[in-house]
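Below is one structure, written out as structure tokens; comments come after it.
The values are calculated or read from the model by the stated rules, or taken from the named source; none is laboratory data. Small disclaimer: the values here were computed from a predicted structure and weren't measured. Neighbour counts run over all protein chains shown; Cβ positions are idealised from the backbone, glycine included.
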Amino acid sequence: MPIEQQAFFQTVSAKKTAVVSDFNWEPQLISTDSRTIPPGGIFIPLRGENHDGHVFLKQVLESTARLGFCDEAYFQAHQTELADLPLILVSDTLVAYQSLARQWRRQMNLPVVGITGSSGKTSTKELLAAVLAPFYKVHKNALNYNNQIGVPKTLLELTPEDQICIVEMGMRGLGQIDELARISEPNVGLISQIGTAHLSELGSQENIARAKWELAEYLQAHQGLLLGQADDAWQRQMAPTTPELKLLWCGAAPDSTVRLLSVEESEEGQTLIYQLPEGPPRRLRLCLPGQHQARNLMLCLGYLYSLGHSLPDNFEVVPEQLSGRNEQIHLPGEITLINDAYNANPDSMRAALQVLASLPAKGRKWAVLGKMAELGPSSERFHRELGNYCLNLPLHGLCVIGAEARPLAEAASKSAAFEVHFFESNASCAKFLQGQIQAQDQIFFKGSRSARLEEVIAALLAAPQKAHP
């Protein structure tokens with residue numbers, strides 16, 4: 001018979017949230033993926049939109065795992081099959097998984113930094129890890145593990161050697177940042193920007209701001225610290241709603257604790273001059289282009305300052321390079337593909353196109369843009385506004401892909417400085433570019449994940465070299 005739930009868990013709320021009470025477990029043995037269960041491991045099956053991990057319980061427990069978790073409802077419906085297996089019955093396996101992660105985070109007892117924002121979360125995470133690295137052993141979430149499953153996974157990967165944990169927090173609706181905060185229990189928060197991402201789910205930018213500010217509300221309730229973007233109008237508007245919050249502004253505004261004084265762009269990145277509350281202005285080099293990255297870096301320096309540290313003058317910040325985020329790929333003939341196609345919204349599109357415009361021009365500049373998803377009824381307007389924004393860019397050509405992005409192409413076609421080409425598919429755009437690009441061209445790619453612009457990049461990489469004169 002299954003191991004009784006109460007032997008290991010206690011019910012602490014009306015929702016029957018499971019909390020570990022008397023169970024000797026090791027986090028490295030836990031997996032939610034039936035394909036990666038270590039010998040003697042613990043399998044926690046989760047329900048997804050298209051699958052239910054519970055269907056693998058019997059197979060896994062008869063092969064590699066020594067213990068499995070199971071929803072009570074699923075067990076009741078499959079008692080004949082599961083009756084003799086070593087199971088812990090819980091009301092919700094996802095809640096149990098999150099509870100285990102929270103308990104492990106408490107046992108490790110180290111500072112946790114939560115990072116959210118409409119755009120720039122991942123790059124800010126990498127920037128923070130880079131500035132903390134000279135002082136601390138930092139653990140951070142891998143890839144885009146920033147949701148209700150990825151955050152617990154990140155926490156369960158903590159080791160006693162780790163000194164600071166960085167947790168990226170994504171969301172698609174109200175209440176989700178609060179949920180992630182209650183799982184990870186951050187001491188510190190960073191908000192990169194409040195913009196227009198997920199407008200279709202939340203309905204208004206005000207709701208987006210409320211959703212992101214849930215991190216601030218959690219920190220206020222738990223005496224935590226928030227590093228806010230001093231130049232973000234929505235963060236300024238939300239700040240009075242949390243009057244007891246310990247808040248440090250960072251950015252170009254005069255009241256910034258870490259104030260950005262100037263930015264000088266170069267081919268290698270940018271040189272920043274910034275001011276701390278004490279001492280003369282300092283200089284650092286950032287290998288990433290874009291003033292939005294400079295502003296994100298000020299948040300990271302603000303946290304470092306709060307810990308009593310500062311970087312030496314002329315320090316170089318070199319964050320880890322991530323695929324699809326300003327990733328440069330070089331082809332024969334000094335052709336450069338700039339892959340920034342991991343995701344897109346109106347704010348990140350403009351910021352990235354500013355970066356393209358600021359790059360030293362060796363040859364011609366192309367922009368290949370896909371749709372911006374999740375904008376709801378405002379989608380056509382935002383695409384058209386972006387097309388108008390492109391009119392002032394120093395481009396040789398603009399390629400726009402997909403029916404949802406057609407308004408972008410229509411607006412940009414008013415340009416007399418460059419040609420606009422619209423394509424229904426990635427394949428047709430790739431075929432066009434193969435016959436067009438020349439030595440020293442720079443081709444920039446950006447769109448939402450569902451646009452799959454990496455398909456165009458893959459086609460260009462696979463093309464014979466003679467297609468790149």
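Values as computed for the structure displayed
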{"item": "Out of 264, 278, sole residue that is modelled with pLDDT under 95 and in a strand (DSSP E or B)", "result": "264"}
{"item": "Filter pass, residue 102 being within 27 Å of residue 185 (Cα to Cα) and surrounded by 13 or more Cβ atoms within 10 Å (Cβ to Cβ)", "result": "yes"}
{"item": "Output for the stretch 37-52, where each listed residue is under 18 Å from residue 98 (Cα atoms) and acidic (Asp, Glu)", "result": "52"}
{"item": "Every pair of residues 6+ apart whose Cβ atoms lie under 8 Å, when the first sits in the stretch 138-164 and is assigned to a loop (DSSP other than H, G, I, E, B) while the second is of a type in the set (Asp, Glu)", "result": "141/168; 144/168; 145/168; 146/168; 148/179"}
{"item": "Filtered residue count, the stretch 366-381, keeping only those that are of a type in the set (Gly, Ala, Ser), part of a loop (DSSP other than H, G, I, E, B) and over 17 Å from residue 172 (Cα atoms)", "result": "1"}
{"item": "Enumeration of residues in the stretch 220-235 that are closer than 17 Å to residue 180 by Cβ and within 20 Å of the chain's Cα centre (by Cα)", "result": "226"}
{"item": "Helices (runs of 4 or more DSSP H) enclosed by the stretch 393-469 - at least 2 residues per element that are closer than 22 Å to residue 334 by Cβ", "result": "426-434, 454-462"}
{"item": "Enumeration of residues in the stretch 52-91 that are within 23 Å of residue 26 (Cβ to Cβ), out of contact with any Leu (no Cβ under 6 Å at 6 or more places or on another chain) and part of a loop (DSSP other than H, G, I, E, B)", "result": "62, 63, 64, 65, 66"}
{"item": "Failed condition for residue 384, given (1) outside any helix (DSSP H, G or I); (2) touching a residue at least 12 places away in the same chain (Cβ under 8 Å)", "result": "(1)"}
{"item": "Test: residue in the stretch 229-242 that is within 22 Å of residue 125 (Cα to Cα), out of contact with any Asp or Glu (no Cβ under 7 Å at 6 or more places or on another chain), in a strand (DSSP E or B) and modelled with pLDDT of 95 or more", "result": "yes"}
{"item": "Among residues of the stretch 228-247, those that are over 13 Å from residue 192 (Cα atoms) and touching a helix residue (DSSP H, G or I) at 6+ places or on another chain (Cβ under 6 Å), counted", "result": "4"}
{"item": "Output for the stretch 163-181, where each listed residue is surrounded by fewer than 18 Cβ atoms within 10 Å (Cβ to Cβ) and within 22 Å of residue 320 (Cβ to Cβ)", "result": "163"}
{"item": "Filtered residue count, the stretch 273-288, keeping only those that are surrounded by fewer than 23 Cβ atoms within 10 Å (Cβ to Cβ) and out of contact with any Pro (no Cβ under 8 Å at 6 or more places or on another chain)", "result": "10"}
{"item": "Tally, over the stretch 281-310, of residues that are over 25 Å from the mean Cα position of the chain (by Cα), modelled with pLDDT of 95 or more and of a type in the set (Ser, Thr, Tyr)", "result": "0"}
{"item": "Residues of the stretch 145-162 classified as within 18 Å of residue 46 (Cβ to Cβ) and buried (at least 17 other Cβ atoms within 10 Å of the Cβ), total", "result": "12"}
{"item": "Residue pairs meeting the criteria (Cβ under 9 Å; at least 6 apart or on separate chains; first over 15 Å from residue 327 (Cβ atoms) and outside the structural domain of residue 440 (by TED's automatic domain parsing), in the stretch 455-467; second buried (at least 16 other Cβ atoms within 10 Å of the Cβ) and modelled with pLDDT under 80)", "result": "none"}
{"item": "Pairs with Cβ under 9 Å, 6+ apart, first in the stretch 326-348 and under 18 Å from residue 426 (Cα atoms) and touching a residue at least 40 places away in the same chain (Cβ under 8 Å), second of a type in the set (Val, Ile, Thr) and outside any helix (DSSP H, G or I)", "result": "337/329; 337/443; 338/329; 338/443; 339/329; 341/368"}
{"item": "Residue 78 vs. criteria crowded, with 19+ Cβ neighbours inside 10 Å, without any contact (Cβ under 8 Å) to a residue 60 or more places away in the chain and out of contact with any Ser or Thr (no Cβ under 6 Å at 6 or more places or on another chain)", "result": "no"}
{"item": "From 192, 119, residue being of a type in the set (Gly, Ala, Ser), touching a Lys or Arg at 6+ places or on another chain (Cβ under 8 Å), touching a residue at least 12 places away in the same chain (Cβ under 8 Å) and on the phi < 0 side of the Ramachandran plot", "result": "192"}
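Table: residues versus (1) more than 16 Å from residue 448 (Cβ to Cβ); (2) crowded, with 17+ Cβ neighbours inside 10 Å.
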site	(1), (2)
360	yes, no
373	no, yes
376	no, no
389	yes, yes
411	yes, yes
418	yes, yes
424	yes, no
430	yes, yes
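A quick yes/no check of all residues on (1) over 23 Å from the mean Cα position of the chain (by Cα); (2) under 22 Å from residue 171 (Cα atoms); (3) modelled with pLDDT of 95 or more; (4) β-branched (Val, Ile, Thr):
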residue: 68; (1), (2), (3), (4): yes, no, no, no
residue: 73; (1), (2), (3), (4): yes, no, no, no
residue: 80; (1), (2), (3), (4): yes, no, no, yes
residue: 98; (1), (2), (3), (4): no, yes, yes, no
residue: 105; (1), (2), (3), (4): no, yes, yes, no
